[in-house]
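Colleague: Below you will find the structure I want to go over with you.
What follows is calculated from the coordinates using simple rules that are stated; it is not laboratory data. Values in this document were obtained by computation on a predicted structure and should not be read as measured data. As a convention, Cβ positions derive from the backbone with ideal geometry for all residues, glycine included, and neighbour counts pool all protein chains shown.
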Amino acid sequence: MVTMNKNRSKRTVLVAGGAGFVGSHLTDALLARGDRVICVDSFLTGSHANIRPLRNHPGFRLIEADICGLHQIDEPIHQIYNLACAASPPQYQADPVHTMMTCVQGTGNLLALAERHQASFVQASTSEVYGDPVEHPQREDYRGNVNCTGPRACYDEGKRAAEALCFDLLRAGRVDVRVARIFNTYGPRMLPSDGRIISNLLVQAITGEPLTIYGSGEQTRSFCFVSDLVRGLIALMDVPENPQAPVNLGNPGEFTINQLASMVLAMVPTRSEIVYRPLPQDDPQRRRPDISKASELLGWEPRTPLSEGLQQTADWFATALTTTTEDIDMPTRPTPAAVALPLGA
Ligand code: NAD
Ligand code: UDP
């Protein structure tokens, strides 16, 4: 039986992926409003530095675990946010089997936990479910154009399968699950070696390395600042009536990668120049969210213009890159086959 969001004075919220870029900002916001947070993270792409300030917070608990093997939590939980999954193309492609299993088996485990604890659930899905979109901008009812056998499929199809699982359990009345389709999000705490465009360009400019643009640079993306996204995720969890359908969360401002690189060069004093590299296979050409559903159902829209968010992120990287590695965990590439998976056994 689906239990709708409970307005308890003290909620316990499980944030899977809580040591990652978005997850750590979400954890901060939940603790700030008085929730108790259990962060579950394997540190595949997360960072101890992101949660180090919380170590002694009375409302914070860390469980270091892979969600593919997580079957129980020894205390009541009222809400679950599932953000556990590598999100950057080089990171999620480093161990594609594990990415797929994280999306399907890991999400399945968390949904089972939600059912047992009667906890409401927010699934971090992605604009990648639209693939290389033929419809523009992307509305939630667009079914997408994904290459199911290409190098991005472990993530795109994994997230699509996770959505299918979520809606099966919602339809069956077993879990109060809500699905956010998140568009490119950026901000402080992205790992310098994350590999996504904004962290790459800023780190390259700050360190004087060439700015790498893949393809012609005329492909577009829409960039959402992390605090706006976190507000949207919480609004989606808290809205009393379940939307019963996925909700796009993103900033509709659309920029070419060339425009973004020009903004970075104008913002960061640097000797860097632009170099063009081959476009990765199946790289989407255009991306812009239609956010009318989020606006109507959640009263949500982003507030931070790209110029402002980019400046904050540049300032953060400038400090982080000059801090010793003891204070900021420097990036590691994920180790392939991080967990034993029931494949081909
Ligand atoms: P991130 O890589 O910084 O964070 C992911 C976190 O999940 C990391 O802390 C990582 O260690 C953890 N993790 C990965 N696999 C795990 C597993 N099997 N078990 C336990 N922990 C695991 O990425 P992010 O940008 O913070 O993205 C967070 C979520 O939002 C992801 O699910 C991603 O798919 C989704 N999303 C993000 C964006 C974006 O632009 N940031 C866009 C669309 C969707
Ligand atoms: N990109 C680029 N240079 C980089 C990293 C990425 O030109 O150093 C391009 C990438 O090919 C894509 C866009 O920037 O067209 C956004 O890439 P990102 O990895 O940030 O996100 P995604 O492709 O998942 O939207």
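Colleague: Using +1 at the C-beta of Lys and Arg and -1 at the C-beta of Asp and Glu, which of Met263, Cys224, Pro133 has the Cα lying farthest in the positive direction of the dipole of the chain?
Modeller: Cys224
Colleague: How far is helix 153-171 tilted off the main Cα axis of the chain, in degrees rounded to 10, range 0 to 90?
Modeller: 30 degrees
Colleague: Using Cα springs under 10 Å in a Gaussian network model of the chain, which residue among Ala180, Ala318, Ala119 shows the largest mean-square fluctuation?
Modeller: For the chain, modelled as a Gaussian network with Cα springs under 10 Å, the answer is Ala318.
Colleague: Build a GNM of the chain with springs between Cα atoms under 10 Å: which of Ala124, Ala235, Ala32 gets the top mean-square fluctuation?
Modeller: Ala32
Colleague: Using alpha carbons only, how many degrees (0 to 90, rounded to 10) separate the axis of helix 21-32 from the longest principal axis of the chain?
Modeller: Tilt relative to the chain: about 50 degrees.
Colleague: Separate question: Calculate for the chain the 222 nm mean residue ellipticity that helices alone would give, adding -39,500 (n - 2.57) per DSSP H run of length 4 or more and normalising by residue count, nearest 500 deg cm²/dmol. Walk me through the intermediate numbers first.
Modeller: Values: 11 runs with 115 residues, N = 345.
Here the helix-only value at 222 nm equals -10000 deg cm²/dmol.
Colleague: Arrange the following residues from fewest to most other Cβ atoms within 10 Å of their Cβ: Asp283, Asp41, Asp141.
Modeller: Details: Asp283 13, Asp41 28, Asp141 10.
By the 10 Å Cβ count, ascending: Asp141, Asp283, Asp41.
Colleague: Right, another one. Choose one answer from Leu201, Leu279, Leu113: the residue with the largest mean-square fluctuation in a GNM of the chain with alpha-carbon springs under 10 Å.
Modeller: Highest fluctuation of the listed residues: Leu279.
Colleague: What's the angle, to the nearest 10 degrees (0 to 90), between helix 107-117's Cα axis and the longest principal axis of the chain?
Modeller: Once rounded, the angle reads 40 degrees.
Colleague: Additional query: How would Lys159, Lys293 line up from fewest to most surrounding beta-carbon atoms within 10 angstrom?
Modeller: On the way: Lys159 29, Lys293 20.
Ranking Lys159, Lys293 by Cβ neighbours within 10 Å, fewest first, gives Lys293, Lys159.
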